[in-house]
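None of the figures in this text is laboratory data; all of them are computed from the coordinates on show. Quick caveat, the model's predicted, so the values are computed rather than measured. Cβ coordinates were reconstructed from backbone atoms using ideal geometry, including for glycine residues, and neighbour counts include every protein chain displayed.
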Amino acid sequence: MAAGDIVFFDQFLVDVLESLHDLENNTIKLGLITSAVTPSATTADPRWGSGGSTNLSTSQVTPGGNYSSGGPTIGNPTVTLDSGQAVFDGDDISISQNASNPTNARWGIIYNDTDTGKRALGYVDLGAAIDLSAGDFAINWNASGIMTLNQAA
Amino acid sequence: MPHTAVINPSRDQQMVRSISRIKRLRLSIERASTTGNEEKLASLQAELDRRMEGVTAFKAELDSL
């Protein structure tokens, strides 16, 4: 994997088909975790909290400065039909430098904060542990959106 | 299908992203207009305006070169 790669959990694919997410109207967040765990597509029932098999929030970075517990919200979530593809997109993430910011963010966990079980959608590979106290931190989603669904070729 | 995000993007990368996002924001604004969701409409419009300002400023800089 490389920095910026986004991987969606296998469980999320099931959750979508079971209508457990309303990506356009739910609050979707990006929680930051340390290298204590290495998420993968096959991570069992991943959540940002208890209730599933894997509680990723237990590895959250230490909140502080401009990073609040739970992480920033992905603002203005949109689901659109764009050139024959269903696209889930949202505002980019930006956390300004602060001396009290977390110093060891390794993965970004995309999860549904509206969902009672806070089911996770996927994760972003930050490439290495990032010190947010040393400078501004930003994640720009892909120009094509966070996720697309299209007909199989 | 998943895509690759950009960590700490350059300004050029931000512009590429903004141009695509602007297209989808317009589509979403069109939809929100038909459903009468005023709160969402205002939020989407504010993001669109912010993106447009960024692209316009970038273009002005290019034009001045």
query: Do we have any residue at all in region A:77-85 that's part of a strand (DSSP E or B) and hydrophobic (A, V, I, L, M, F, W, C)?
result: yes
task: May I ask you to list the residues in region A:102-153 that are assigned to a strand (DSSP E or B), more than 11 Å from chain B (Cβ to nearest Cβ) and among the charged types (D, E, K, R)?
output: A:ARG106, A:ARG119
query: Taking region B:2-19, which residues are at the interface with chain A (Cβ under 7 Å from one of its Cβ atoms), part of a helix (DSSP H, G or I) and either in contact (Cβ under 8 Å) with a residue 60 or more places away in the chain or buried (at least 17 other Cβ atoms within 10 Å of the Cβ) (or both)?
result: B:GLN14, B:ARG17
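Does A:THR42 satisfy the condition of being over 18 Å from A:VAL14 (Cα atoms) and either within 14 Å of chain B (Cβ to nearest Cβ) or not small (Gly, Ala, Ser) (or both)?
Here the answer is no, as A:THR42 does not meet what is asked.
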message: So, A:SER68, is that one away from chain B (no Cβ under 14 Å), touching a residue at least 40 places away in the same chain (Cβ under 8 Å), surrounded by fewer than 16 Cβ atoms within 10 Å (Cβ to Cβ) and not acidic (Asp, Glu) or not?
response: no
